Amino acid sequence: MSSEPLLIIDNVSVNYGAVRGLVDVSLEVPESGFVAVLGPNGAGKSTLVRSITGLLEHHDAKVKSGSIIFDGADITGKSSADVVPMGIAQVPEGRMLFAHLTVNENLLLGASTRTHRSGVAEDLEKMYEMFPALTDRRKERAGFLSGGEQQMVAIGRALIANPRLLICDELSLGLAPQLVAQLFETLTRLNNDHGTAILAIEQNARMALSHADYGYLLESGEVTLSGPADELRSSDEIVNRYLGGASSGGQTTPDNPAASEVN
Ligand SMILES: Nc1ncnc2c1ncn2[C@@H]1O[C@H](COP(=O)(O)OP(=O)(O)OP(=O)(O)O)[C@@H](O)[C@H]1O
Ligand SMILES: [Mg+2]
């Protein structure tokens, strides 16, 4: 690849006191790339997200060594208030909506970091075009929506910040396979049509690898495998441990969601 990657994570280690979060993790997301990070519970996936988005400080942790470069700038240890305006937005694990605020209010919160306010109203309407299921719910409290609809709000809230890199931490958690497939299709469209780079943290290895270009496997805080998504889909390690053992060529099996989960 000729140009510099948009995001470069170079040998990053993070500890929570005596607990190791990440150990010498290196990872790249190319400009307009779609990268998946797979791994079981406790692998360090959310820690990786927090290191990029400046949220480690809320967990009394920090990047101990290594560096994180975004668009050529060193963002190691920067706060979320610094990195969001630079073009990094996240859909956090568990969605983290404000349950008592309306759908519209939650979406608009994502625009609060935009340096110029022009175009916010238009972009808000684009979110409803992207997720038509939300259109008639805009005045409803987010806490009353289904899990899937809440995830759409969480994605919309991240996108309205106009990010160059969208980080999704376990988008699929607790959602029906068909809805997960729809959300991943939305990410792919964003990636193809707008060039938004995607970093999808996922336990649903099958779904993530069928949409990403490149993937990393994180285990006990370390990258244990990486490669082009189609190669990972056929690697013995991934097939046997994360794709249910059958060499299905990476096809999604909506009728067999258990087979597509890591655990
Ligand atoms: N705030 C914290 N304080 C102490 N230890 C933590 C904290 N957050 C995470 N850890 C520990 O760091 C390790 C990595 O956790 P992390 O949440 O990054 O894993 P994960 O891959 O996101 O897991 P999951 O799939 O369950 O979301 C685990 O051992 C976890 O117990
Ligand atoms: Mg996590």
Does segment 73-81 contain any residue that is touching a residue at least 24 places away in the same chain (Cβ under 8 Å), aliphatic (A, V, I, L, M) and out of contact with any Leu (no Cβ under 6 Å at 6 or more places or on another chain)?
yes
Within segment 23-44, tally of residues that are surrounded by fewer than 21 Cβ atoms within 10 Å (Cβ to Cβ) and within 7 Å of ligand 1 (Cβ to nearest atom)
3
Between residues in segment 111-125 that are among the basic types (Lys, Arg) and residues that are part of a loop (DSSP other than H, G, I, E, B), which pairs lie under 7 Å by C-beta distance while being six or more apart or on different chains?
Arg114/Ala161; Arg114/Asn162
Could we say that Leu187 is within 14 Å of ligand 2 (Cβ to nearest atom) and either touching a residue at least 24 places away in the same chain (Cβ under 8 Å) or over 23 Å from Thr47 (Cβ atoms) (or both) here?
no
Just one of Asp169, Asp193 is within 16 Å of ligand 2 (Cβ to nearest atom), of a type in the set (Asp, Glu) and closer than 22 Å to Glu28 by Cα; which is it?
Asp169
Regarding segment 75-83, can at least one residue be identified that is under 19 Å from Pro163 (Cα atoms), away from ligand 2 (no atom under 13 Å from the Cβ) and under 16 Å from the mean Cα position of the chain (by Cα)?
yes
The condition from (1) buried (at least 22 other Cβ atoms within 10 Å of the Cβ); (2) hydrophobic (A, V, I, L, M, F, W, C); (3) in a helix (DSSP H, G or I); (4) touching a Gly at 6+ places or on another chain (Cβ under 9 Å) that Val84 misses is numbered (1)
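Just so you know, all these numbers are worked out from the coordinates, no wet-lab data involved. As the structure is a prediction and not an experimental result, all values here were calculated from the model. Quick reminder, even Gly has a Cβ in these numbers, built from the backbone with ideal geometry, and neighbours come from all protein chains shown.
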